[in-house]
Amino acid sequence: MARVDVIVLGAGIVGTCVALHLAKRGVAVALVDRGGAGEATSYGNAGIIEGNTVFPAAFPDDWKELVRIALKRSPVANYHLTFLPRVAPWLVAFRAASQPQRLLQTAQLMRPLFARAVSEHEALSAEAGAGHYLRHQGWLKLYRTDRAFAATARERDIAAGLGIANVALDRAAALGLEPALHPVFRHAVHWTGAVSVTNPLALTRAYAARFAALGGLLLSGDARTLHSVDPRWRVDTAAGPLDAGEVVIALGPWAPDVLVPLGITLPLAVKRGYHRHFAAGGNAALGRPVLDAENGYVLAPMEQGTRLTTGVEFAPRDAKPTPVQFDRVMPAARQLFGLGEPVEAQPWLGARPCFPDSRPVISRAPRRRGVWLAYGHAHWGLTLGAATGRLIAEMMTGATPFCDPAPYAAERFLP
Ligand SMILES: Cc1cc2nc3c(=O)[nH]c(=O)nc-3n(C[C@H](O)[C@H](O)[C@H](O)COP(=O)(O)OP(=O)(O)OC[C@H]3O[C@@H](n4cnc5c(N)ncnc54)[C@H](O)[C@@H]3O)c2cc1C
């Protein structure tokens, strides 16, 4: 029987950073996944390390936008009608958490994590020899209407108060930064401190390789085999059964598959999202990711091509792909930037694991000794992965956590 101190279940960006931070502290760790490190949700994001985030994504407060979503005309959100009754309680909670005062509270509670997002990735990527995947050019949000730009004033004011660098640009100044864009927008905001990743899969793989170089075990196995062999936890892996005193559930959107049988039911929903790469259209190239705000998509320059990522889709995690949002955004995207042919035959589909209050869970599991939770990072799993790894490793090893972990405790959802 193989034994380690800690089993980390899930080798996405979150679990890999958790495992690496534990290994750096001398803990004997096995990182278990049924696939390769970083190949699931963490493969397909827009690659933005958004330390600049102030407000989380919110339920629309504009009735016109809601009607467009309901009529399936909005590029920002899509839904499967039959799924709505199941996700309705989550949506009600999400809407409540989207009230202005609650958003402000969330911004304050999340700030310590976001503030460490970039520096923690810089540190891990440097020691993993992966610094070349990080691009220090910020990211650019474009606004086609004066109204949409004016609506950013509150966020930019708060950001300025928090020392989060951002520069409002007119069209000419934005084109100075990104000359390949077409002048179909009126305003831009350059979030200068954000960092972007040219290949999120390669970054997670580099962190996993660093973990292995420190003596960590990377094993293939099904997390659903987790069971208690009192007082330890056991998982079946391709290398045989594996025991540990503690286990970290870092399974992103799949965390409920393991937690619900353990009697831990937290209000996780998924916001599905798609991407597709496009070859360069002529000489057109971007220097940094660009958001077309009113149209709800991002163009992110990646090693594989220009990655177009879509807004959200409310549908069962495992339902077959329905990438209708591409049809809705492609005309706007081609108007903004010279996209060539698609690289893949079909879009990639992923599922953002989201709690209704837009905070992840980074804490001990309720009522289950030896079980820790690190999941639910929503739109910011890449951004917050490295900081999450540090925070949970500090908690597990009895060090002083770099910030108060209370806002991220699972207990907030318990009666
Ligand atoms: C379109 C899109 C764009 C995004 N853009 C950004 C962005 O720009 N910036 C940002 O910060 N975030 C972004 N995100 C969010 C980010 O990608 C996620 O929050 C993050 O990848 C979640 O990481 P994770 O490690 O928690 O989950 P995952 O990467 O999904 O990792 C979970 C792991 O668990 C494994 N697993 C599942 N079930 C089992 C099992 N039974 N047994 C063993 N292993 C199992 C999976 O194989 C997987 O490797 C985006 C997401 C999407 C969909």
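The values are calculated or read from the model by the stated rules, or taken from the named source; none is laboratory data. Nothing here was measured: the structure is a model prediction, and the numbers come from that model. Positions of Cβ are generated from backbone atoms using ideal geometry, with glycine treated the same way; all protein chains shown enter the neighbour counts. The accessibility values were calculated without ligands, DNA or RNA, using every heavy atom of the protein model including side chains. Shrake-Rupley method; radii C 1.70, N 1.55, O 1.52, S 1.80 Å.
Summary table
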| read-out | value |
| --- | --- |
| Straight-distance crosslink candidates among aspartates and glutamates, where the alpha carbon sits under 17 Å from Lys141 and sequence neighbours closer than 8 are dropped | Glu50, Glu155, Asp157, Asp170, Glu178, Asp292, Glu294 |
| Per-q log10 I(q)/I(0), the stretch 338-415, q = 0.12, 0.19 Å⁻¹ (Debye; single scatterer per alpha-carbon; no solvent) | -0.44, -0.83 |
| Amide hydrogen neighbours beyond the local backbone of Trp372, cut-off 5 Å, H modeled | Val247, Val248, Ile249, Ala365 |
| Alpha-carbon centroids, the stretch 318-358 and the stretch 1-52: separation in whole Å | 26 Å |
| Largest to smallest accessible area among Arg186, Arg210 [probe 1.4 Å] | Arg186, Arg210 |
| Under Karplus coefficients 6.51, -1.76 and 1.60, residue-wise ³J(HN,Hα) of the stretch 102-115 in Hz, glycine/proline x | 5, 4, 5, 4, 4, 4, 5, 5, 8, 4, x, 6, 4, 4 |
| Among Gly161, Gly245, Gly385, residue whose mean-square fluctuation peaks in a GNM of the chain (springs only between Cα atoms under 10 Å) | Gly161 |
| Viscosity 0.890 mPa s, temperature 25 °C, Stokes-Einstein D of the stretch 79-152 from Kirkwood C-alpha radius, µm²/s | 148 µm²/s |
| In sequence order, calculated HN-Hα J values of the stretch 180-188 (Karplus, 6.51, -1.76, 1.60; Hz; x Gly/Pro) | 7, 6, 8, x, 9, 10, 10, 9, 8 |
| Viscosity 1.306 mPa s, temperature 10 °C, Stokes-Einstein D of the stretch 188-336 from Kirkwood C-alpha radius, µm²/s | 83 µm²/s |
| Size-normalised alpha-carbon gyration radius of the stretch 279-415, reference 2.2 N^0.38 Å | 1.35 |
| Over the chain, equivalent-ellipsoid semi-axes from the Cα gyration tensor in Å | 35, 23, 21 |
| The chain: antiparallel DSSP beta bridges as a percent of all, rounded to 5 | 65 percent |
| Globularity ratio of the stretch 278-356, using Cα Rg and 2.2 N^0.38 Å | 1.15 |
| Estimated vicinal HN-Hα couplings, Hz - the stretch 217-228 in sequence order (Karplus 6.51, -1.76, 1.60; Gly, Pro = x) | 9, 9, 10, 8, x, 9, 4, 5, 7, 4, 8, 8 |
| Protection-proxy order for peptides 231-237, 304-310, 248-254, each taking the mean of Cβ atoms within 10 Å per residue, highest first | 248-254, 304-310, 231-237 |
| Kirkwood Rh in Å, taken over all unlike Cα pairs in the stretch 1-153 | 19.3 Å |
| Per residue value of the accessible surface for the chain (all protein chains in place, 1.4 Å probe), Å² | 40 Å² |
| Solvent-accessible area of Asp61 with every protein chain in place, 1.4 Å probe, in Å² to the nearest 10 | 140 Å² |
| Amide H partners (placed H, <5 Å) of Arg186, local residues excluded | Tyr143, Arg144, Thr145 |
